[in-house]
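Data first, discussion second: the structure below is written as structure tokens.
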There are 2 protein chains.
Amino acid sequence: MNQDYIQPNEWSIIEEGFDVESVKSSESLFSIGNGAMGQRANFEEQYSGSTFQGSYIAGVYYPDKTRVGWWKNGYPEYFAKVLNAPSWIGVNVLINDVQLDLNTCKKVENFRRELNMKEGWLSRSFTAVLANDIEVEVEAKRFLSLDLDELGAIHYQVRPNKDVKISFTPYLDSGITNEDSNWDDKFWNTTKITQVGQQAFIEAHTMKTNFHTCTYMESQFFLNNESIDLSPEKLQSATGITYKYTAVIKQNEVFTIHKFGGYTVDRYHDKDDLITAAKTNLTKANALGFEGLLSLQKQAWKTIWEMADITIEGDTKAQQGIRFNIFQLNQTYLGKDTRLNIGPKGFTGEKYGGSTYWDTEAYCIPFYMATKDQHVARNLLEYRYNHLGKAIENATKLGFTNGAALFPMVTMNGEECHNEWEITFEEIHRNGAIAFAIFNYYRYTGDYSYIPEKGLEVLIGIAKFWHQRATFSKDKMKYVILGVTGPNEYENNVNNNFYTNYLAQWCIEFALENIEKVRAEYPSDYRRIIDKTNITEKELGQWKTVAENMYFPYDIESNVYLQQDGFLDKELITVADLDQSQRPINQKWSWDRILRSPYIKQADVLQGFYFFEEHFTADELERHFDFYEPFTVHESSLSPCVHSIQAAKLDRMEQAYQFYLRTSRLDLDDYNHEVEEGLHITSMAGTWMSIVEGFGGMRVQEDTLSFAPKIPKQWKAYSFKVNFRNLIIKVNVNQNETNFEFEGDKPLKIIVNKRFVTINPNQLTVV
Amino acid sequence: MNQDYIQPNEWSIIEEGFDVESVKSSESLFSIGNGAMGQRANFEEQYSGSTFQGSYIAGVYYPDKTRVGWWKNGYPEYFAKVLNAPSWIGVNVLINDVQLDLNTCKKVENFRRELNMKEGWLSRSFTAVLANDIEVEVEAKRFLSLDLDELGAIHYQVRPNKDVKISFTPYLDSGITNEDSNWDDKFWNTTKITQVGQQAFIEAHTMKTNFHTCTYMESQFFLNNESIDLSPEKLQSATGITYKYTAVIKQNEVFTIHKFGGYTVDRYHDKDDLITAAKTNLTKANALGFEGLLSLQKQAWKTIWEMADITIEGDTKAQQGIRFNIFQLNQTYLGKDTRLNIGPKGFTGEKYGGSTYWDTEAYCIPFYMATKDQHVARNLLEYRYNHLGKAIENATKLGFTNGAALFPMVTMNGEECHNEWEITFEEIHRNGAIAFAIFNYYRYTGDYSYIPEKGLEVLIGIAKFWHQRATFSKDKMKYVILGVTGPNEYENNVNNNFYTNYLAQWCIEFALENIEKVRAEYPSDYRRIIDKTNITEKELGQWKTVAENMYFPYDIESNVYLQQDGFLDKELITVADLDQSQRPINQKWSWDRILRSPYIKQADVLQGFYFFEEHFTADELERHFDFYEPFTVHESSLSPCVHSIQAAKLDRMEQAYQFYLRTSRLDLDDYNHEVEEGLHITSMAGTWMSIVEGFGGMRVQEDTLSFAPKIPKQWKAYSFKVNFRNLIIKVNVNQNETNFEFEGDKPLKIIVNKRFVTINPNQLTVV
């Protein structure tokens, strides 16, 4: 896909003209989802060209047998993999018995695809001339319902230029394989195919994990928008069922199918009731019809946008970019179920084993905290709480004892899904982000109850881990943390990564502080937790010793913390002085060369300065930014956002804006030439942070919302809304002033540019 | 297999009693080879129990498609794999139409297997009662001829306890798969099967590499040792041919087959002449007969042992151990062909991709130099010279320029056969061992001619690599080498590994020294080499700067070189204080835990002290030995030998003896419970070094052979021979004195215990 392939538009993603080479990329970009399921924008009708078929059900995974070159003790034998599910969207189309297939048509014209983000639907229209010289105009529209999240709906209409026989053959198919499979194993087992009148159901369960699902469909037909009844021919195979509806249509008449379908899953229903549940969905769908469902869909997206929209005036591409990011985040995760999380590719591809990375805690939680009810962020915290047992098992496997917890690098169900020793065993800073998220949730929402109820156990497991993982160096007379990989994955197995050591120290201190607070304020919770975690005064004393005597590599000359021991031994040639033909280095250089270079993949020391901004002065931030950013190649999708926020804070607005552009249109402009594999969902939350925390300068300081609004010179104005403790505050920034607005019943004290400002409800406050 | 399974015997490996559980281990231990081919001790007759079938042809390999968990730039896409070849040893035996199969026999008694190392043959005898209640006594003997190294011979006789019909069905089979295969690909393609009278030939070639081979056979028959003529039934399939010879035999008569077979390969013949070459072998075999070939075999092994034998009096197991090691080394590599090398498993298994590791240069060359004609060691050097182009390609792929060479970690044909970044890209000290071997060869043989002819080009490629690989640290104002793995593979991606830095410095200095010498003494070679390698005075000046300013980590307090930067940050708990239940740590600990521990897999700093002994004082050796050995877990088969040598030098004879035991019977006593996968061939050369260099204290000092003989208190005496510059010197050490003997025509000056001694030819000198 070329850059500028997508039409600039404030509310829609639009592709015009049929480009065989872009089919797979567009299948990613135009993906739809509703938090419970999602699918790539595969065509409904047969397509014999290159395509990546994908339909996914949230939380339905398969533990694929690990593939590894050289085995290491501690690797998982199996790991959970995103699983391509049975398909329900297919509607093959026969025109006088010739398949409609854009890959074999004589001509395809007026091809247009639109993903309408405002209303949450995908449409496609084209004119095609088939091999039998019949020309048809086709319009298709589909969506996955936010209201009935087990249901999707398709409108598909054909207008022929001659009198012809048209057959619509909607089908279900459970003979599905994964693109990403290690050993070509079979993942799905089809149990039963059921036909009931015009309805069809395939019950299938996953091998090993035994997730039971029912994939279902029913269709309605219309001639020139008038409902008609048709009887299908039915064709059933071991893993599929097809209904063939045929009608003879006159020239320029419009023949339409509305297909309803989706999945019911034993996560939410008894496995013997899956067909019944599916029938309930179909009953509702039949009653509401396609248009009725669509109008509910528009309303549901309106509600989401009312909370989450960001407007940008004077820069259509930036506007489109931020809305695309917000839209995809909402398609991926809506916070209804603590067993779900935000996969790095959402429902748009299969790459990366599991669904949950430290991205959730470090990047996604701020977005969900500010644009949803606070229970959504709490659900994300509970997800980890529910995995605490597995995290303790994981740490035990690696030699830790007494309830120390190491959360996995990548997971679906709490078990580790990754097997590179330098990541799986050494990129342990993830544990710190999980603790930080608990702090961040409390700081933002003011809801302390989570900590005595659940969070403190997680904090204790994590603090135990850091206490045991740090070792005493007699040489330094300090505690050191050896053999880690920091957020900058272009260093492996380094000693005393500043970020990791700092986070470890903070985790222990934060756990100690909260143990004290819970002891004092929640005595019954305290007793339960002490009993469960076996912590003793002696152990807490040891934690304290470790935290107080943590070592941080520091360079006196430059007056900066060093990313790790030995960083100054490198050849410190900045990225600006690096031969541009060598970039991106992860494609051009062998791994050893990357490792011994000074180049930084994503914020590392600066990630620490982002999390713990208030621990450092602005001068310190500037010094470290100026020291590290010049060596940063930003080859992670998670890199530009943190740098954008810090550049904005340092009043370097042009640099901040450039970083913003890089993060916001990463997928739309396919910077990395890989969008066909799926979208970068988690970094999209970083785009949101770039605006709200970066340009808007939003922070929470001692229960008070604080802003330091700035605006790139390229924009006329921008606005965003945040849910702060159940008040929806709208912030509108233009080149001259900032306006605040919220609905409520009493004034709110906020900080703007370090000064307290009181804003009144239901009116505009101009600052 | 249990320890003590093998009977102690000075000249033979003996197994008594049939143990189903030990079949695969014994198949490894009783392997036979002749340098050109080799085979596991699989039974000739059918065996339906658990077995690992293996027959290997030297230098016939297959580039298997790489299997990797997480791809890194620079990994090889294919790598050469030891290839199981068509089998020619099979002789199925039918007794009244019932298969003789030890796995299904009613009874197996008097099972005895012997590998006669003195004479180079394998025998097996047993009495078995078949399902049809017939009892047979079986004796089998086979060997691979050293004289006709494309030929092997089998004697197989059956004596029944009743009048019966016996069929011998010798066969050839090219429908062969590898145990070690990444993608279950087919490796062999059978071209043609030819029958000529009693002879049979299968022409087959390897896929991709296209090695053409002919596997062949012919058999003779005897009744009570009288030759008889039999006509076979012939059965041919797509990948096999079987001749079935049947005779009716009376009770207690002896029916015998002599089967001759082997391989001809297009490495030594035109591919259209392979059958003709095979026929020539068969003609010789028929003329000499089994006994004639066997008597040649005995003579050939006698010649080998006359040069290579080590005797130990008063310790049968130690005697058996050292002979087993010397025997297996000679079965694996005889130095006839510069395209061959010493595989880590020889012809006894498939594990480890390629055939050549740094083991060859660091451990094997001293053995071959001292026990063979010097051209054998030179051939091993030329092997690398012939791979120089590929080593330059390899370095180029990793970003080096201008003819810098990085020899592969593991190879068959010069290309890298390994893909772990921390090894493939970072265990670069292998390059140093390859240069050291050139020095070592010259030091031992006095043959300088190799350097101007070939060696200097290799030295220059290696020096260029080190020059480019070292980078300047402004912080240390020294050249550093970042991101390496040293010989101690329990550390990865460390900075400034002392061994690597020291070797790098030495490589540059040695290259510079030899450039000067060749410039002065071999001007035409000098011009050729300068033209070819493009070295300039400026580049040589830079090399010198790097070598002169190389950084070595040092601890002033302990007064030792540090294994790497940061070594003192570790928790320095010695192996003695480590919970023994945690060992071996490579089976008990996850990789990160091993890496951050101080534990050392094999000599690292001490490997440097071994190579460059004369650069350090005895005090320095002692200090470093006392610092590092206590952290050494010796979990590499290559570890005990170097430590044994150094302990002996430090007069710690009990420790030296314990290290010796550990290396010499590693496979015979199956210390690591893995002998069924094959033997540890290269470490066997280390066993030899433990005696000759360790106990015997043999060195070469300025063209003079030097000894410092010591003897473990457990031994009465030991002796060894070395070929020093075409004199075979026999050294006999007992508890009181050392005797020297050699055949020659003039006295020889040697050093014994630091004093010059003149020994006269053809008489015993007692010291």
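A few notes on this one:
- Taken as a whole, the structure leaves B:GLU509 outside the set of residues that are within 17 Å of B:HIS429 (Cα to Cα) and in a loop (DSSP other than H, G, I, E, B).
- Residue count, the range A:457-492 (criterion: surrounded by fewer than 24 Cβ atoms within 10 Å (Cβ to Cβ) and on the phi > 0 side of the Ramachandran plot): 1
- Top-ranked residue in the range A:44-59 [being surrounded by fewer than 24 Cβ atoms within 10 Å (Cβ to Cβ) and touching a helix residue (DSSP H, G or I) at 6+ places or on another chain (Cβ under 9 Å); ranked as nearest to A:LEU144 (Cα to Cα)]: A:GLN53
- Residue within the range A:357-372 that is more than 18 Å from A:LEU638 (Cβ to Cβ) and of a type in the set (Phe, Trp, Tyr) present: no
- Helices (runs of 4 or more DSSP H) completely within the range A:385-499 that count 1 or more residues being away from chain B (no Cβ under 13 Å): A:388-397, A:430-445, A:456-469
- Residue match in the range B:537-553 (condition: out of contact with any Leu (no Cβ under 9 Å at 6 or more places or on another chain), in a helix (DSSP H, G or I), within 14 Å of chain A (Cβ to nearest Cβ) and surrounded by fewer than 13 Cβ atoms within 10 Å (Cβ to Cβ)): no
- Of the residues making up the range A:645-662, those that are of a type outside the set (D, E, K, R) and free of Cβ contacts under 8 Å to residues at least 60 places away in the same chain are A:ILE645, A:GLN646, A:ALA647, A:LEU650, A:GLN655, A:ALA656, A:TYR657, A:GLN658, A:PHE659.
- Subset of the range A:485-516 [among the aliphatic types (A, V, I, L, M) and closer than 22 Å to A:HIS643 by Cβ]: A:VAL494, A:LEU503
- Residue in the range A:635-657 that is closer than 30 Å to A:ASN178 by Cα and among the aromatic types (Phe, Trp, Tyr) present: no
- Inter-residue pairs, beta-carbon under 8 Å, first free of Cβ contacts under 8 Å to residues at least 12 places away in the same chain and in the range A:501-523, second surrounded by fewer than 21 Cβ atoms within 10 Å (Cβ to Cβ) and part of a helix (DSSP H, G or I), 6+ apart: A:ARG519/A:TYR526
- Residue match in the range B:587-606 (condition: away from chain A (no Cβ under 14 Å), in a helix (DSSP H, G or I), farther than 30 Å from A:LEU406 by Cα and touching a residue at least 24 places away in the same chain (Cβ under 8 Å)): yes
- Considering (1) within 24 Å of the chain's Cα centre (by Cα); (2) farther than 30 Å from B:GLY314 by Cα; (3) small (Gly, Ala, Ser), the lone condition that B:GLY74 does not fulfil carries the number (1).
- Every listed requirement among (1) more than 18 Å from B:GLY446 (Cα to Cα); (2) touching a residue at least 60 places away in the same chain (Cβ under 8 Å) is met by B:ARG725 save one, (1).
- For the range B:636-660, the set of residues classified as out of contact with any Asp or Glu (no Cβ under 8 Å at 6 or more places or on another chain), closer than 24 Å to B:ASP577 by Cα and surrounded by fewer than 20 Cβ atoms within 10 Å (Cβ to Cβ) consists of B:ARG652, B:MET653, B:GLU654, B:GLN655, B:GLN658, listed by residue number.
- Selected residue [farther than 25 Å from B:ASN386 by Cβ and either crowded, with 24+ Cβ neighbours inside 10 Å or touching a residue at least 24 places away in the same chain (Cβ under 8 Å) (or both)] from B:GLY335, B:GLY321: B:GLY321
- Restricting the range B:556-576 to residues that are surrounded by fewer than 23 Cβ atoms within 10 Å (Cβ to Cβ) and free of Cβ contacts under 8 Å to residues at least 12 places away in the same chain leaves a set whose member that is nearest to the other protein chains (Cβ to nearest Cβ) is B:GLU557.
- Restricted to the range B:615-644, and to residues there that are in contact (Cβ under 8 Å) with a residue 12 or more places away in the chain and of a type in the set (Asp, Glu), the residue that is nearest to B:ASP359 (Cα to Cα) is B:GLU635.
- Filter result for the condition that a residue is over 25 Å from B:ASN224 (Cβ atoms) and within 14 Å of chain A (Cβ to nearest Cβ), over B:VAL60, B:VAL68: B:VAL68
- Residue in the range B:145-153 that is within 29 Å of B:ASP19 (Cα to Cα), surrounded by 22 or more Cβ atoms within 10 Å (Cβ to Cβ) and touching a Ser or Thr at 6+ places or on another chain (Cβ under 9 Å) present: yes
The numbers here are math on the coordinates, done by the rules we state, and not lab data. Being a predicted model, the structure only gives us computed values, none of them experimental. Virtual Cβ from ideal backbone geometry, glycine too; neighbours counted across all protein chains shown.
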